[in-house]
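The values are calculated or read from the model by the stated rules, or taken from the named source; none is laboratory data. Just so we're clear, the structure is a prediction, and the values are computed from it rather than from any experiment. Cβ coordinates were reconstructed from backbone atoms using ideal geometry, including for glycine residues, and neighbour counts include every protein chain displayed. All accessible areas refer to the heavy atoms of the entire protein, side chains included, with ligands and DNA or RNA removed. Shrake-Rupley method; radii C 1.70, N 1.55, O 1.52, S 1.80 Å.
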Amino acid sequence: MCFYEQFLYQCSDWKWGNFRQHCQAEYRTGETCGSKFVFQTFGLQEKCKLCLKIDAKERRKAKHIDDYNRWRREPRRYSASIEKALGDIKSLENEIGQLKAEKADRSRAFGARR
Ligand SMILES: [Zn+2]
């Protein structure tokens, strides 16, 4: 096992940072072995890219829902806009679902953290 920095995002997702130290077993060879252990954790003031993407899409979806709620009071006048808003909401929901699945996959792949 070798030791690495760990970056911890606001959203509690994390990523590995730089390699810091070899473990006993690999010290002489100068190679790093397959197992990564945390040398030091750095807290970041931001969310990870995936969560930022999800947030941005959530905000866009909220805006479409706002528009939709405003327009549906006058359905005749805004029928085309309403339809478009509903389509946008639906596709954003799909995209958000995919990103969330990606996030879940990733945290599973990393396995036991800390
Ligand atoms: Zn995240």
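By how many degrees, 0 to 90 and rounded to 10, does the Cα axis of helix 49-71 deviate from the longest principal axis of the chain?
That works out to roughly 10 degrees.
Is it possible to state the helix-based mean residue ellipticity at 222 nm for the chain, with each DSSP H run of 4+ residues giving -39500 (n - 2.57), the sum divided by total residues, to the nearest 500 deg cm²/dmol? What is it? Please list the in-between numbers first.
Numbers: 2 runs with 59 residues, N = 114.
Value at 222 nm, helices only, nearest 500: -18500 deg cm²/dmol.
Mean projection of the alpha-carbon convex hull of region 49-110 over all orientations, in nm²? Can you show the working numbers first?
Numbers: hull surface 16.0 nm².
Its average projected convex-hull area is 4.0 nm².
Tell me which trypsin sites (Lys or Arg not before Pro) from region 65-112 have a DSSP coil assignment and no more than 11 other beta carbons within 10 Å of their own.
Those that pass, being in a loop and sparsely packed, are Arg73.
Could you give me D for the chain, from Stokes-Einstein at 10 °C and 1.306 mPa s, where the hydrodynamic radius is the Kirkwood radius over C-alpha pairs? Units µm² s⁻¹, please. The partial results should precede the final answer.
Numbers: Rh = 17.3 Å.
My calculation gives 92 µm²/s for D.
Of all the accessible heavy-atom surface of the chain, with the other protein chains kept in place and a 1.4 Å probe, what percent is carbon and sulfur? Kindly include the intermediate steps, with their values, before the conclusion.
Details: 4120 of 8330 Å².
Carbon with sulfur: 49 percent of the solvent-accessible area.
Name every cysteine in the chain that ends up alone, with no second cysteine's Cβ under 4.7 Å, or say none.
Cys2, Cys23, Cys33, Cys48
Can you pull the one-decimal nm distance between simple spin-label points at Leu86 and Lys47, each 7 Å off the Cα toward Cβ?
2.8
Ignoring ligands, DNA and RNA, what accessible area per residue does the chain give at 1.4 Å, in Å²?
It amounts to 73 Å² per residue over the chain.
Mind giving me the nanometre distance, one decimal, between the label points for Arg59 and Asp105, set 7 Å out from Cα along Cα→Cβ?
Using points 7 Å along Cα→Cβ, the separation is 2.6 nm.
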